[in-house]
Amino acid sequence: MKEIRDIIAVFERRRGEPLALATLVRARGSSYRRPGARMLIAPDRSCVGTLSGGCLEEEVACRAQEVMASGEPRLLSFDTRLRYGCNGAIDIFIEHVRPEFLDEIAAAARERRICFAATVFLGRDSLGSRIVVKEAAPADAFTQAIPPPLQLLLIGEGPDSAALRAFAFTLGWKVVETEEGGNLPNEHDEWTAAIVKTHNYGRDYAALQRLLPLGLRYVALLGPRRRRDQLLHALMAEGVELRSELFAPAGLDIGAESPEQIALAIVTEIQSIFADAKVESLRTRKAPIHIADELGLALVR
C-alpha cells in the first residue's frame, strides 16, 4: 500500500501535469515484482514506485514519454531470461494518468475500505485502469484488491517504540499511540493490529480486556509467558470474550535482544499474519514464492 500512497502523494503535488502510470499486469515465471506493482512517471522522467529490481524502470520511463505525448496507451513485454536477472517474462501497461482513478483510491484509503482496480490492457476498447465493483470486474482485465494501510495500535511507551514507529513509517502503516487501554480509539477494523506494552499489570489487563473481544487478527503482548498466562486466566475468570488470539511473547524468534531487534521481530510477525504467509527461509522453500489469489485477484500487501 505504501507504493500507491507514495504515487498518490506525488500525483497531488504534480496534479495538472501530464503523467503516466505503468502497471505490471502479467508475469510468467520468476520476477522481482508481481502483478499489481505500479510506477508513476513524470515528463522529466522522474519516477515513484518500482516494477522490477531496477533493471526495467529506465526503459519504461523512456517509453512513458511517448504515451504522455500521444495519449495512446502501450503494452510492453520483457523477457527477463535474456537481458535481466530473473527467469521469466512480464508485461507492463503504460497509460496516461486518469486523475479520477487515483482520487478514488485515495478516498478509499481515507475511509479505510477496500477497493478494486481493474486494468484493461488487451484489445482496443476501454483500455486503462479504473475502480470497479469486485463482482463486476471485467473478465479480460487485471484486477487488483487494494486495502487501506495497516493500522498499528501501540499501547504503552518503551525503548522499542521509536523502532516500531520507524518500521511502520517505512512500510506505510498508520500508527496510533496511547498510554492507557481505556483511551483506545473506537476506529478499528480488519486491517488493525495492536501491541500492548505498558509493562504494568493493571494497564495491560485493561488494554487486553478492551482488545481481545474485538476479533482483531493480531493482538500482541510484551512480556514473559508466565505473565501472559496470569493475565489470560484473570480475563477468562472475569468472563471476557477472547475473540482474538494473543501473540505473547510478541514477535518471531530471530534471536532479538536490542529494542530495535525486538521491534523487527514484532513487525515481521505482523507482516506474516496479514499476508497469510508461512514463516520459513526462502532458501528451503519448495513451492513458488508468489502464489496466485484463489479469486484471481492481486492483493496489495
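Details
- So ASP91, is it modelled with pLDDT of 90 or more, loosely packed, with under 15 Cβ neighbours inside 10 Å and among the charged types (D, E, K, R): no
- Region 38-56, subset out of contact with any helix residue (DSSP H, G or I) (no Cβ under 7 Å at 6 or more places or on another chain) and of a type in the set (A, V, I, L, M, F, W, C), residue surrounded by the most Cβ atoms within 10 Å (Cβ to Cβ): LEU56
- Test: PRO73 is surrounded by fewer than 15 Cβ atoms within 10 Å (Cβ to Cβ) and touching a residue at least 12 places away in the same chain (Cβ under 8 Å): no
- Every condition in (1) at pLDDT below 95; (2) closer than 30 Å to ALA117 by Cα; (3) not β-branched (Val, Ile, Thr) holds for GLN271 except the one numbered (1).
- Against the list (1) modelled with pLDDT under 95; (2) not assigned by TED's automatic domain parsing to the domain that holds LEU24; (3) not in a loop (DSSP other than H, G, I, E, B), the condition SER126 fails is (3).
- The single condition among (1) more than 21 Å from the chain's Cα centre (by Cα); (2) over 27 Å from GLU269 (Cα atoms) that ASP160 does not meet is (2).
- Looking only at residues in region 156-173 that are among the charged types (D, E, K, R) and surrounded by fewer than 17 Cβ atoms within 10 Å (Cβ to Cβ), the one that is farthest from ALA118 (Cα to Cα) is GLU157.
- In region 107-136, residue nearest to PRO149 (Cα to Cα) [restricted to those that are crowded, with 18+ Cβ neighbours inside 10 Å and in contact (Cβ under 8 Å) with a residue 60 or more places away in the chain]: ALA109
- In the set (1) surrounded by fewer than 22 Cβ atoms within 10 Å (Cβ to Cβ); (2) in contact (Cβ under 8 Å) with a residue 12 or more places away in the chain; (3) among the polar types (S, T, N, Q), THR80 fails one condition alone, (1).
- Applying the criterion of being surrounded by fewer than 18 Cβ atoms within 10 Å (Cβ to Cβ), of a type outside the set (D, E, K, R) and in a loop (DSSP other than H, G, I, E, B) to the residues of region 1-37, the residue that is modelled with the highest pLDDT is PRO18.
- Scanning region 23-54 for residues that are hydrophobic (A, V, I, L, M, F, W, C) and under 23 Å from the mean Cα position of the chain (by Cα) turns up LEU24, VAL25, ALA27, ALA37, MET39, LEU40, ILE41, CYS47, VAL48, LEU51.
- Every condition in (1) among the hydrophobic types (A, V, I, L, M, F, W, C); (2) free of Cβ contacts under 8 Å to residues at least 60 places away in the same chain; (3) outside any strand (DSSP E or B); (4) crowded, with 16+ Cβ neighbours inside 10 Å is met by LEU153 except one, and the failing one is (3).
- Filter result (buried (at least 17 other Cβ atoms within 10 Å of the Cβ) and part of a helix (DSSP H, G or I)) within region 235-267: LEU235, ILE262, ALA263, LEU264, ALA265, ILE266, VAL267
The values are calculated or read from the model by the stated rules, or taken from the named source; none is laboratory data. Please read these numbers as outputs of a predicted model, since none were measured by experiment. We place every Cβ from the backbone using ideal geometry, glycine too, and count neighbours over all the protein chains shown.
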